[in-house]
C-alpha cells in the first residue's frame, strides 16, 4: 500500500471457510496415523498400480501373439475384467479414507454449524448402513459360489475370487469411514 500503511487483513477467506457469522479459522483435523495411511492409502495405490501394469502387460502380450504368431491368449479378456473389478474395489478404499468421493453438497456445504455436522453425521450413518447391507449381501453371494464350486468360463477360476472383490472393497470402505468418522462429520480431511 502507499504511504507505508499496513493492509487490513482480508477476512473473506476466513468467512468463507466457516460461514459469514464466524470469523475464526477452522482448526485443521490432525493427520491420520502413518500406519493407517499406509494400510488404507499406500497399499491400495500400490496394489492398483501393480494390477494396472500387469493388465497392460497381458494386453500387450495378447496383441503381439495375435498379430505376429496367429494365436490369442484365450484367457486374457476374462483376467482383464477380473483385474478391473478388483482394482476398482481396492481403489475405492483409498478414496473413502481420504474423503475424495464425489459429493452433492451444493446445499449442505452452505449450512452453518451445528446443522452441517448433523447432516454430515446422517450421511455417515447412511453410508455405513448401505455399505454394510451390500457387504452382507455380497457375503451371501460369495458363500453360495463357494458352496456350489462354480468356476469362470474361460480360466476356470473359482467365482468366489472375482465376487470377493465387492465384499473386500465394501468391508474396508466401512472400516475406513469408521476410522475417519470425525473427519467425515466435520467435513475436513
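Couple of notes before you dig in:
- Between residue 128 and residue 189, the modelled label-to-label distance comes to 1.8 nm, taking each label 7 Å out from Cα in the direction of the beta carbon.
- Estimated [θ] at 222 nm from DSSP helical runs (n ≥ 4, -39500 (n - 2.57)) normalised by residues in the chain, nearest 500: -21500 deg cm²/dmol
- In degrees, nearest ten, helix 115-148 long axis to first principal axis of the chain (Cα): 10
- The listed peptides 79-88, 101-110, 138-147, ordered by packing as a protection proxy, come out as 79-88, 138-147, 101-110 (highest mean of other Cβ atoms within 10 Å first).
- Acute angle (nearest 10 degrees) that the helix 43-69 long axis makes with the longest principal axis of the chain, alpha-carbon atoms: 40
- More than 19 angstrom apart: percent of Cα pairs within the chain: 71
- Convex hull volume per residue in cubic angstrom - Cα atoms of the range 29-108: 105
- Between 0 and 90 degrees, the angle of helix 76-98 with respect to the longest Cα principal axis of the chain falls at about 20 degrees.
Computed from the coordinates by the stated procedures, all read-outs in this text should not be read as laboratory data. Keep in mind that this is a model prediction, so the values were computed, not measured. Cβ atoms come from the backbone with ideal geometry, glycine included; neighbour counts cover every protein chain shown.
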